[in-house]
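These notes concern the structure reproduced below.
The values are calculated or read from the model by the stated rules, or taken from the named source; none is laboratory data. These numbers were taken from a predicted model, which means no experiment stands behind them. Quick reminder, even Gly has a Cβ in these numbers, built from the backbone with ideal geometry, and neighbours come from all protein chains shown. The area values use the complete protein model at the heavy-atom level, side chains included, leaving out ligands, DNA and RNA. Shrake-Rupley method; radii C 1.70, N 1.55, O 1.52, S 1.80 Å.
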Amino acid sequence: MGVGRFAYTPLLPVMIRETGMSSNAGAVVATANYAGYLLGAVALTIRPRWGSQPRFIVATALSLFISEIAMVLLDSPVWWSVWRLIAGAASAGLFVCCVQQLARINADKRRLALLTGIGFSGVGIGIALTGFVVLAMAEFADWKQMWLVLAVVTACLLIPIVRLAPRERIPGPQGELLDQHENLPGWRSVLALYFLEGVGYIVVGTFLVASVVSTAGDRFGPISWIIAGVAAAPGTIIWTALGQKIGIRPALAAALALQAIGAAIPALSGGAPAALVAAALFGGTFMGVTALAIQIGVELRGANAGGPLTAVYGLGQMLGPVVVAPVLGSAFTAAFGIAAAIVSAAVIVTILVHIRHERHIKKQVQQYV
């Protein structure tokens with residue numbers, strides 16, 4: 001998912017430069033990917049059982065590979081949008097499948113938190129790989145060759161999926177136990193904060209590399225993306241571990257607050273140092289936020305929480321570029337400022353969720369005393 005879903009971000013400046021595609025057309029192609037992500041999430045919300053079927057898991061992974069190969073076949077933003085739509089749908093499918101499998105085979109909460117952090121770290125590794133490929137090939141390859149190499153990387157990652165995909169659907173007593181979620185409040189609020197995160201994070205994720213290139217030069221674009229990926233890989237483990245220590249909701253509020261700071265830095269200061277710090281804060285928090293929000297969702301709604309959460313996240317991703325489109329120009333300062341404000345709103349909602357949760361727990365304790 002990290003490769004297939006996020007390869008377009010470091011490749012976007014290269015494609016604009018070499019194909020003559022406009023920035024607006026590039027944004028449309030990106031939005032198609034977000035639309036596909038939303039469609040995939042909605043499909044698994046309606047049909048959550050698909051996430052436990054080995055054939056579906058393998059098919060979605062193969063779709064990512066095919067979408068990358070197809071990017072080089074036709075030089076048209078229209079067709080690129082089609083392939084990125086497919087990549088988005090496949091990415092959402094893989095993500096929800098991972099959430100369901102982790103939840104169903106690990107009913108123990110502490111073990112689930114650890115394995116969620118480890119599993120989601122793969123996204124950061126994939127992001128870093130895309131940045132390394134673009135940086136390493138920048139001097140001698142064109143954008144088509146870069147896509148083909150990333151397709152080869154995806155093909156290599158397909159091997160363990162195909163070989164190790166479970167032969168049968170995993171229901172089991174542990175899965176049934178986890179589907180009987182606790183009677184805790186806050187589900188709608190969690191959906192709201194995760195929607196806000198989708199809107200805010202995607203603005204940074206879409207325009208970070210382009211912003212770095214415009215202010216610090218071509219070479220720093222993929223470097224910033226590598227930093228984001230390298231920070232994201234251990235970030236999920238660190239944030240889930242912190243969630244076990246101080247509580248999932250306070251950890252989520254802290255992650256969102258750092259992400260808001262990271263989004264505000266490019267809005268307040270230009271140049272390479274500010275951009276690289278912003279990349280590190282973005283990468284170090286956005287998958288951590290996902291891991292923590294998914295944990296809360298599983299706690300509230302069981303193993304099938306991944307579908308609805310991913311759907312509202314996908315909706316937010318679609319709206320993010322639209323929200324900042326009127327302020328996009330030669331610079332991205334205003335866009336990052338808007339992203340920082342939206343993520344800050346998610347922080348406030350998370351704090352309110354935590355307060356409500358604590359009051360509920362206190363009330364439950366008092367009933368038993």
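Axis angle, to the nearest 10 degrees, between helix 306-324 and the longest C-alpha principal axis of the chain: 40 degrees.
Think of it as helices only: each DSSP H run of n ≥ 4 in the chain is worth -39500 (n - 2.57), and spread over all residues that comes to -29000 deg cm²/dmol at 222 nm.
Against the chain, whose longest principal axis is taken from its Cα atoms, helix 8-19 shows a tilt of about 20°. Each listed q (0.16, 0.19 Å⁻¹) maps to a log10 I(q)/I(0) for the stretch 280-330, found by the Debye formula over equal Cα scatterers with no solvent: -0.61, -0.76. Computed on the chain, with alpha-carbon pairs under 8 angstrom and 6+ residues apart, the relative contact order is 25 percent. On a 0 to 90° scale, report how tilted helix 23-46 is relative to the longest principal axis of the chain, with both axes built from alpha carbons and the result rounded to the nearest 10. With both axes taken from Cα atoms, the answer is about 30 degrees. Coupling constants for the stretch 132-147 follow from the phi torsions by the Karplus curve (6.51 cos²θ - 1.76 cosθ + 1.60, θ = phi - 60°), and in residue order they are 4, 4, 5, 5, 5, 9, 4, 7, 9, 10, 9, 5, 5, 5, 5, 4 Hz; glycine and proline get x. Anisotropy class assigned to the stretch 24-94 is oblate, per the alpha carbon gyration tensor with a/c at or over the 1.5 cut-off and a/b no larger than b/c. Over the stretch 235-320, the ratio between the Cα radius of gyration and 2.2 N^0.38 Å evaluates to 1.19. Between residue 219 and residue 58, the simple spin-label model (points 7 angstrom out along Cα→Cβ) gives 4.6 nm.
Whole-percent P(r), the stretch 225-369, all Cα pairs, 5 Å bins from 0: 2, 10, 15, 20, 21, 14, 9, 5, 3, 1, 1, 0, 0.
Taking all protein chains together and a 1.4 Å probe, the residues 344, 121 rank 344, 121 from largest to smallest accessible area.
Assuming R0 = 25 Å, what is the FRET efficiency of residue 322 and residue 352, from their Cβ-Cβ distance, to the nearest 0.05?
Working: r = 26 Å, r/R0 = 1.06.
So, using R0 = 25 Å, E works out to roughly 0.40.
Taking Cβ atoms as reference points and 15 Å as the exclusive limit, the residues near residue 255 contribute a net charge of +1, counting Lys and Arg as +1 and Asp and Glu as -1. Based on alpha carbons, the Rg and Dmax found for the stretch 1-55 are 15.0, 43 Å.
Return the Rg/Rh ratio of the chain with Cα-based radii and a Kirkwood Rh.
Working: Rg = 19.8 Å, Rh = 20.5 Å.
Rounded to two decimals, Rg over Rh is 0.97.
Over the stretch 1-144, the reciprocal of the mean inverse Cα-Cα separation, the Kirkwood hydrodynamic radius, stands at 16.1 Å.
Between residue 272 and residue 244, the distance separating the two model label sites (each 7 Å from Cα on the Cα→Cβ line) works out to 3.9 nm. For the stretch 56-99, the convex hull drawn through the C-alpha positions has a volume of 47 cubic angstrom per residue. The candidates 81, 52, arranged from most to least accessible area with a 1.4 Å probe in the full protein assembly, appear as 81, 52.
Could you work out the longest stretch of the chain that avoids the trypsin sites (Lys or Arg not before Pro) located in DSSP loops with at most 16 other Cβ atoms within 10 Å? It would help to have the intermediate numbers written out before the result.
Values: sites that count: 167, 169, 219.
Here the longest segment lacking exposed loop sites spans 1-166.
Modelled label positions at residue 148 and residue 118, each set 7 Å beyond Cα in the direction of Cβ, lie 3.8 nm from each other.
Accessible area ranking (1.4 Å probe, heavy atoms, ligands and nucleic acids excluded), largest first, for 9, 310: 9, 310.
Given a Förster radius of 35 Å and the C-beta distance between residue 158 and residue 74 as r, what FRET efficiency does 1/(1 + (r/R0)^6) yield to the nearest 0.05?
Values: r = 23 Å, r/R0 = 0.67.
For R0 = 35 Å, the calculated efficiency reads 0.90.
Applying 0.36 nm per residue to the separation of residue 261 and residue 362 and subtracting their alpha-carbon distance, the gain on full extension is 33.1 nm.
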